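Structure first, then comments.
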Amino acid sequence: KILGIDTSCDETAAAVVADGREVLSNIVASQVETHQEYGGVVPELASRKHIEAINYIVSRSLAEAGVTFKDLEAIAVTNRPGLIGALLVGVAAAKSLAYCHNLPLLGINHIEGHLLSKRMVHDALPFPHICLTVSGGHTLLVEVHEGWQYKVLGSTQDDAAGEVYDKVAKYLGLGFPGGKVIDDLAQKGNPSAVKFPRPMRNTDDYQFSFSGIKTSVRYFVEKARRADPDMITIEDIAASFQAAVVDVLVYKSLRAVKATGAAAITLTGGVAANSHLRASLKLAAAEIGAEVYYPPMNLCTDNGAMIAGIAYQKYQQGLRDGLSLNATPKGSIF
Ligand code: KG4
Ligand code: ZN
């Protein structure tokens, strides 16, 4: 049984996982309300909120799992990448607890946690498969092989997929975070109303770029407001914007499936909640006979269970970090 802690961004999370798969508890305190009025995550506020919540969230994760520190094999914590002040809270907590209870400590890469989170729910995932990780902080296309060995095929060169949803929503005055609001509005709009660009869709690689779509939305809205404010509805803009983002994500994922001969695609990260992305990916994958898997949403968004899950594998491979473990804002998995 491993305790996994994640405080990399704006969620204070702790979980207990048995054998790397069985989620005994998975507790997450969201800070969304704190950051809402600023239209994005304020790093200093995030750190302070983590400090307030961390002890309670860890205690609850143990209580809900029905275990005490004596039952644990190790403590795992996200130590990279993320907001440095936020990461430091989780790392300091994990180090203190490991020291007090004489438990091994493991520092985990948050992105690896996302990538392999579906290990906990999908028994029969075929290898190799393609994993699309799309959240507020990351956009990654990864090829996953037997033994959960993975190779990063591509990532975003600028904004992450969730980030571009959040920025467009902020620009349109729809609040933060923007993904769900835009998703909901888009259901009532016409996705062909505006033909927004699909940056890098046809490049011969697996890279993404989303900031150009955001700029196009802004220019379009400014122009439309000057010309005729009633010409196009916010629902149409949301649907057209979403169509552009999802089109690129699906197209490149499918390209990766075809090129690698993978039998399945998995989808994780907060944007995995997107209804259009789910439906389009499923449809496109079915056309080439590939399966699509989504972990449940509480394993897609930031959580401690994915950290404990990957730590189990690392623990078995012999990884141990000393009490000198440090937090670092960057943490490539390439
Ligand atoms: O994985 P997550 O909780 O945190 C990060 O690691 O970033 O992802 C949060 C992101 C936000 O950008 C949010 O707008 C986006 O996921 N999101 C969505 C939807 N629900 C959440 N994006 C598109 N459609 C949704 N339904
Ligand atoms: Zn994340």
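The values are calculated or read from the model by the stated rules, or taken from the named source; none is laboratory data. Only a predicted model underlies this, so the values are computations on that prediction, with no experimental measurement involved. Heads up, the Cβs are rebuilt from the backbone with ideal geometry, glycines too, and the neighbour counts pull from every protein chain shown. Each accessible area value is taken on the protein alone, full model and side chains, heavy atoms only, with ligands, DNA and RNA left out. Shrake-Rupley method; radii C 1.70, N 1.55, O 1.52, S 1.80 Å.
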1.4 Å probe accessible area per residue over the chain, in Å²: 43
Debye, to nearest 20: dipole size of the range 1-103, +1 on Lys, Arg Cβ, -1 on Asp, Glu Cβ: 300
Net lengthening on full extension, N190/V32 (0.36 nm per residue, minus Cα-Cα): 53.9 nm
Projected-area mean, the chain, by convex hull of Cα positions, square nanometres: 16.4
With 10 Å bins from 0: P(r) over the range 223-295, alpha-carbon pairs, percent: 17, 43, 20, 13, 6
Listed peptides 244-252, 63-71, 272-280 by packing density, highest first (mean Cβ within 10 Å): 244-252, 272-280, 63-71
Relative intensity, log₁₀ I(q)/I(0), of the range 28-96 from a Debye sum that treats every alpha carbon as a point, q = 0.12, 0.16, 0.18 Å⁻¹: -0.36, -0.62, -0.75
Sorted largest first, extent of the range 168-239 alpha carbons per principal axis (Å): 39, 27, 20
Using a Förster distance of 56 Å, the FRET efficiency for Y99-D230 (Cβ separation, nearest 0.05): 0.30
Accessible surface of the chain [probe 1.4 Å, protein heavy atoms]: carbon and sulfur percent: 52
Within the range 248-263, backbone nitrogen closer than 15 Å to the virtual label 7 Å beyond the Cα of Q207 toward Cβ: none
